[in-house]
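Peer 1: Pasting a structure here, questions to come.
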Amino acid sequence: MATVYTGWQQRCRYSVAANAAVRLGEGSCLPSAKMGSRKKVHAFVRVRPTDDFAHEMIKYGDDNKTIDIHLKKDTRRGAVNNQQTDWSFKLDRVLHDASQDLVYEIVAKDVVSQALNGFNGTIMCYGQTGAGKTYTMTGATENYKHRGILPRALQQVFKMIEERPTHAITVRVSYLEIYNESLFDLLSTLPYVGPSVTPMTIVENPQGVFIKGLSVHLTSQEEDAFSLLFEGETNRIIASHTMNKNSSRSHCIFTIYVEARSRTLSDEKYITSKINLVDLAGSERLGKSRSEGRVLKEATYINKSLSFLEQAIIALGDQKRDHIPFRQCKLTHALKDSLGGNCNMVLVTNIYGEAAQLEETLSSLRFASRMKLVTTEPAINEKYDAERMVKNLEKELALLKQELAIHDSLANRTLVNYDPMDEIQIAEINSQVRRYLEGTLEEIDIINLRQIQEVFNQFRVVLSQQEQALESALRRKYTLIDKNDYAAISAVQKAGLVDVDGHLVGEPDGQGFGLGVAPFSTKPGKKSKSKKMFKEQLSSSARKEGASSPLSGKDLDVSASKTQLTPSSKDGDVKDMLVRDRETSNTEPLASDSPKEELRPPRPSTPPAKPVAFEDFKNERGSEINRIFKENKSILNKRRKRASETTQRINAIKREIDMTKEALNLQKSLREQQGEYENKGLMIIDEEEFLLILKLKDLKKQYRMEYQDLRDLRAEIQYCQHLVDQCRHRLLTEFDIWYNESFFVPEDLQMALRPGGSIRPGMMPLSKIVSLGEDDQDRFSQLQQTMLPEGPDSVSFYNAKVKMEQKHNYLKTMMGLQQAHRK
Ligand code: ADP
Ligand code: MG
């Protein structure tokens, strides 16, 4: 007979997903939906009672659900045609001779009670004029017994509210009439509403569809609600007279809005729902009769809106349709969130029982059976009260903090702060991270999650600062050309100084050096690259001015006198080496310290990786400092081992003290049980107890001694650690100088740097030496002396000036070097 429409699932699943996102993300008062089970639209037929019932043509099935129609051939198009003559419609129930009471029970009761649980519901009456739509929906307003669905629904709502004292439920109502595609407020005549200035419009927002300008009335009791209903009914009749319109040509929508919040739970969720009770315009095919003027216009609107209603509902049932034509007319647009979808939907088709109306009856039954096939998936409209939600979350947060405090005190962790960190705390973590990277801090204690996150954060900060520092250090030393700055590269290429690969033109293979493209190494493990760079510069300028080296004399004095960590001769070695270093740096380059320097194999075309070079360095120029470093480290380790042994001994003694104490207490209590002896005011104790007391005394003495030892050891370890750190630092600084000299400074310059050469090292960055002549050097020294005393603010000015000069001299010097190579 007709297709089964199952399109609902898809649409509804989509709506759930969208709502779930809303719930997690925005958390505001947007609706969410809890799915119920899938349902078909419930379609009922109500037959208007008549004395002239067409028994031969209309037959009811025994199941109360089937209605069969039989048309005699000749009653339609004469004797000979192939027209269908028999139809059978199966619906949810055929209401024949049914009382208003029964109709309500069957049609509306469930929908209304579901509305109080958060499900939207729509009940519509469809059928030709006079078939009993208004009777079914509103009923006889003058006769209580014959009241229709509408007043009964209001009664049920208020009755259910009374039965649910745990919920605060509010009820509002509105009454809308749609006539010739215009909207009318049937409750606008109430004194407190006031005339609407602008015509009403249908508005859509994330919360649903509402009619802007339509009055919505809060009703706290049944009686008020009835008054509103009657007011609306009266207006319907008056309007039809004054405007000379046929009241059966308009659609009327009475809406009950329910909002329920729990009184007992401080739940931020609340439910809302709407019950739409729709009395549709007469469905008769007015267009067919020869209507004119106003009647024709009405007919067109009614036919259109009813067929749009049908289209929309059928589209809702079509799985393949993703666009539902709701906006085609005011009726479907206004009912957009109440038709099918997640609503409980009920259709009552009112028909005549007379033979004369059979054609319209057939048409109405066809409509009913199409609707019956549409599936809906009713869902609860849950909304969130943002204010309540914030309050609840605050409460929960406070509770969790208390919980955390209890856990901390149980775990003996006191004073753990879980609040966001302030600047001082962050600065402290930054300093910890720096000390950790330098090696002066063994480990960073874990306190809480926030602190761990901040530690990681500060690692990133320090890393990026070091990268920047490294880059600017390089920029001070070299003219760096951005690899992507093609203009700059091509300028240098044009000058004929480098080939496309960045090698110097005319340079023998294996002798080239980079364009000055920063020799960035991003390998891990170069933790203090930039620091080393700085220190190199610092120490060179310090050497020049004869100031103290990074290992100051003061430190050394302490080391020499206070500890026996290194044999005195070795101690002297360290000192000697450093003193010599200081002395010699004024007169001769460090490079000449090592005799192995002369034997160095030819320089490779690309510098070796730093870790590899570091191994070479330790065997070469750095061998002495490395040896001392290693020695100090081993002494440090020995001290650490001793400290750990002492700690173990202390713990053992402590355990024995505890045991002895226990034994003593036992003796004491035994003595007390057996009765005490006293002799001239002195307590008499037995030998065993006496020995225990002696033992305890002895143990305590041992404990104190070991503890003193441990304290001394700890001080030694701390100092020794300091020494090791200094050595490490020194080793790395020396290595950096050596590395640059060995792989980056052109060999011509190495010659000049050697004793007796024209340039003294340590005076300025090496790149300066490359780019400046003798006069420039003098000017540079002057500049350095005159600029720097102005304080740190002058540094950037100074850097800029030097850089500019570097740029000017770079090409010139390169050319000079190139010529020197050719010779
Ligand atoms: P509609 O709204 O469909 O145009 P109405 O509800 O106005 O039709 O019904 C037309 C007339 O028929 C009214 O006088 C109404 O009282 C009466 N009527 C309709 N249905 C019934 C019924 N089931 N029982 C008694 N009277 C009815
Ligand atoms: Mg009516």
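Peer 1: Need one number: nm distance between label points at Gln83 and Glu394, each 7 Å from Cα along Cα→Cβ, rounded to one decimal.
Peer 2: 7.5 nm
Peer 1: Got a sec to turn the phi values of segment 165-171 into Karplus ³J(HN,Hα) couplings, 6.51 cos²θ - 1.76 cosθ + 1.60 with θ = phi - 60°, whole Hz, x for Gly and Pro?
Peer 2: Karplus-based 3J(HN,Hα) across segment 165-171 equals x, 6, 10, 8, 10, 10, 10 Hz.
Peer 1: Could you sort the peptides 654-665, 136-147, 326-337 by per-residue average Cβ neighbour count (10 Å cutoff), highest mean leading? Before the final figure, lay out each step's value.
Peer 2: Numbers: 654-665: 13.8, 136-147: 16.3, 326-337: 20.5.
Those peptides, ordered most packed to least, come out 326-337, 136-147, 654-665.
Peer 1: Would you mind ranking Val41, Val612 so that the residue whose beta carbon has the fewest other beta carbons within 10 Å leads the list? Present the calculation step by step, with values, prior to reporting the outcome.
Peer 2: Working: Val41 26, Val612 10.
With the sparsest Cβ surroundings first, the list reads Val612, Val41.
Peer 1: If you don't mind, another one. Using each residue's phi in segment 207-216, evaluate 6.51 cos²θ - 1.76 cosθ + 1.60 at θ = phi - 60° and report the 3J(HN,Hα) Karplus result to the nearest Hz, with x for Gly and Pro.
Peer 2: Along segment 207-216, the couplings run 7, x, 9, 9, 9, 6, x, 7, 6, 10 Hz.
Peer 1: Over 29 Å between Cα atoms: which of Lys304/Lys372; Lys618/Lys638; Lys109/Lys395; Lys133/Lys159; Lys109/Lys391; Lys72/Lys145 fall into that group? Walk me through the intermediate numbers first.
Peer 2: On the way: Lys304/Lys372 21 Å; Lys618/Lys638 23 Å; Lys109/Lys395 40 Å; Lys133/Lys159 26 Å; Lys109/Lys391 37 Å; Lys72/Lys145 39 Å.
Checking Cα-Cα distances, Lys109/Lys395; Lys109/Lys391; Lys72/Lys145 exceed 29 Å.
Peer 1: With each label point set 7 Å from Cα along the Cα-Cβ vector, what nm distance links Leu664 and Ile444?
Peer 2: Placing both labels 7 Å beyond Cα along the Cβ direction yields 4.7 nm.
Peer 1: Rank by packing, highest mean first: peptides 373-385, 628-640, 459-471, with packing defined as the count of other Cβ atoms within 10 Å averaged across residues. Each step should come with its number before you reach the end.
Peer 2: Working: 373-385: 21.1, 628-640: 17.3, 459-471: 14.8.
The densest-packed peptide leads the list: 373-385, 628-640, 459-471.
Peer 1: Taking the Cα centre of each part, how many Å lie between segment 126-144 and segment 618-665?
Peer 2: Result: 100 Å between the Cα centres.
Peer 1: Starting from the amide H of Thr201, placed 1.01 Å from N in the peptide plane, find each other amide H under 5 Å away whose residue is 5 or more places distant or on another chain.
Peer 2: Lys212
Peer 1: Just to verify a number: FRET efficiency for Ala491 and Asp616, C-beta to C-beta distance, R0 = 45 Å, to 0.05? Intermediate values should be presented prior to the final figure.
Peer 2: Numbers: r = 37 Å, r/R0 = 0.82.
That pair, Ala491 with Asp616, gives E of 0.75.
Peer 1: Moving on to the next point. I want to check the label-to-label distance for Val295 and Ser464. Put each point 7 Å from Cα in the C-beta direction and report it in nm to one decimal.
Peer 2: 8.1 nm
Peer 1: Classify segment 365-428: rounded, prolate or oblate, from the alpha-carbon gyration tensor (a ≥ b ≥ c, eigenvalue square roots; a/c under 1.5 rounded; otherwise prolate if a/b is larger than b/c)?
Peer 2: Values: a/c = 4.93, a/b = 3.67, b/c = 1.34.
Since a/c reaches 1.5 and a/b is larger than b/c, the shape of segment 365-428 is classed as prolate.
Peer 1: Further question: What is the set of long-range amide H partners of Val171 at a cut-off below 5 Å, with H atoms built 1.01 Å from backbone N?
Peer 2: Amide H to amide H, under 5 Å and 5 or more residues apart or across chains, Val171 pairs with Thr219.
Peer 1: OK, next. Shape verdict for segment 139-277, please, from the Cα gyration tensor: rounded (a/c under 1.5), prolate (a/b greater than b/c) or oblate. Before the final figure, lay out each step's value.
Peer 2: Values: a/c = 2.33, a/b = 1.42, b/c = 1.64.
Oblate is the answer for segment 139-277, as a/c is 1.5 or above yet b/c matches or exceeds a/b.
Peer 1: Ok, one more. Packing-wise, with mean Cβ within 10 Å as the measure, how do 263-276, 431-444 rank, highest first? Before the final figure, lay out the partial values.
Peer 2: On the way: 263-276: 18.2, 431-444: 14.6.
Output ranking for 263-276, 431-444: 263-276, 431-444.
Peer 1: With θ taken as phi - 60° and the coefficients 6.51, -1.76 and 1.60, list the Karplus ³J(HN,Hα) couplings across segment 95-111 in order, rounded to whole Hz; mark glycine and proline as x.
Peer 2: Residue by residue, segment 95-111 yields 9, 10, 6, 8, 6, 4, 4, 5, 4, 4, 3, 7, 8, 10, 4, 5, 4 Hz.
Peer 1: Within segment 455-487, whose backbone N sits under 18 Å from a point 7 Å along Cα→Cβ of Glu428?
Peer 2: Within reach of a label on Glu428: 455-459.
Peer 1: Sticking with this one: Please list, ordered by chain and number, the residues whose modelled amide H lies under 5 Å from the amide H of Met124; skip anything fewer than 5 residues away on the same chain.
Peer 2: Val278, Val346, Leu347, Val348
Peer 1: What net charge do the residues around Asp101 carry, taking every other residue with its C-beta under 11 Å from that of Asp101, with Lys and Arg at +1 and Asp and Glu at -1?
Peer 2: Working: positive: Lys109, Lys145, Arg147, Arg152; negative: Glu105.
Computed value for this residue: +3.
No value in this document is a laboratory result; all are computed from the given coordinates. Quick caveat, the model's predicted, so the values are computed rather than measured. Cβ coordinates were reconstructed from backbone atoms using ideal geometry, including for glycine residues, and neighbour counts include every protein chain displayed.
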